[in-house]
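Right, one structure below, let's go through it.
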Amino acid sequence: MGLSARLVAGTIAATMSQPFPVRVICFGDSLTAGFQAPTRENPQGQSTPYGEWVQERLGAAGEVRVSGICGELTGEMLARFRRDVLAHQPHYVVILGGTNDLGWNGPPAEIMRNLVKMYAQTLAAGGMPVPVTVPSLRVEDAGGSREGQEWVAGHLARRFELNALIGSYARTKALPAIDLFAATAEPDTNLLAREYSNDGLHLSTAGYRLFADLVYRQVLQPALAQQ
């Protein structure tokens, strides 16, 4: 077993042996902050962080902190990571970033370098990073023109590239990971499903609830069962 694999294995064992309550930080951009675009029913918009539902599921067994800043790039996330995450000595850090970088046509490899630094810093501090894939997008009128179709195809291609890097890293390091793209996209089009978004980019209440459920069922519930 190599040094990196031993580090991850040791972190997993140490994290699972932690006494209650388990400290969880949900870290990222507007998808972590729970931003929802204004609608006819809710003209002011609303904030529904998925971390609040994770806290609800954990109850007294955990303490969940939400640290999401709308519009943030992964480089900005990295700059505040030690202050807003590591300083709180979390056991688990759910990391979702890259949507805004992709929106500015940031190279997936560069985005991944920033994410890897956050994953590695979490491990080095004795916590467990939980990588999350970037969800898809939806542009309702894009299919009406060739240019629109090409624009969507280009953005999807970059998402596929970044998410493949995230998934590969998580498998290589044996990290728990959440495939939010697969969970919220239409299987036949790979576009963000209408039921999970009301603006084609951010999640709806149903989408954030699903995100919380995935984090709890796939990561935290199994870990708590082993304590």
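Every read-out reported here was derived from the displayed coordinates using simple, explicitly stated rules and does not represent laboratory data. Predicted model only: the values in this text are computed from it and were never measured. We place every Cβ from the backbone using ideal geometry, glycine too, and count neighbours over all the protein chains shown.
Remark on VAL130: its backbone amide H falls under 5 Å from those of VAL93, VAL94, ILE95, a criterion applied only to residues 5 or more positions apart or on other chains, H modelled at 1.01 Å from N. Computed over Cα pairs, the Kirkwood radius of the chain leads via Stokes-Einstein (1.002 mPa s, 20 °C) to a diffusion coefficient of 120 µm² per second. Any idea what angle helix 3-16 forms with the longest principal axis of the chain, computed on alpha-carbon atoms, 0 to 90 degrees, nearest 10? It works out to around 80 degrees.
Relative to the Cα centre, the charge distribution of the range 53-169, modelled as +1 at Lys and Arg Cβ and -1 at Asp and Glu Cβ, gives a dipole magnitude of about 400 debye.
Once the Cα-Cα distance is subtracted from the 0.36 nm per residue extended length, the CYS70 to ALA174 segment shows a gain of 34.5 nm.
Think of the range 131-202 as having a plus end and a minus end, set by charges on the Cβ of Lys, Arg, Asp and Glu; of ALA164, ALA193, VAL139, ALA164 sits farthest toward the positive end of this dipole.
Dipole size of the range 26-222 about its Cα centre, with +1 on Lys/Arg Cβ and -1 on Asp/Glu Cβ: approximately 680 debye, rounded to the nearest 20. Not counting the cut sites, what is the longest span of the chain without GluC sites (Glu not before Pro) that DSSP labels loop and that have at most 11 other Cβ atoms within 10 Å? The longest uninterrupted stretch comes out as 42-139. Modelled label positions at ALA120 and ASN190, each set 7 Å beyond Cα in the direction of Cβ, lie 2.9 nm from each other.
Neighbours of TYR196 by Cβ distance under 13 Å: Lys/Arg scored +1, Asp/Glu scored -1, total -1.
GNM remark for the chain: springs join alpha carbons under 10 Å apart, and the peak mean-square fluctuation among ARG158, ARG82, ARG146 falls on ARG146. Of all DSSP bridge pairs formed entirely within the chain, close to 15 percent run antiparallel.
In the calculated pair distance distribution of the range 39-83, what percentage of Cα-Cα distances lie above 16 Å? Looking at the range 39-83, the distances longer than 16 Å represent 58 percent of pairs.
Loop-only check: which chymotrypsin sites (Phe, Trp or Tyr not before Pro) in the range 102-193 are DSSP coil with at most 15 other Cβ within 10 angstrom? Here the sparse-neighbourhood loop sites are TRP104.
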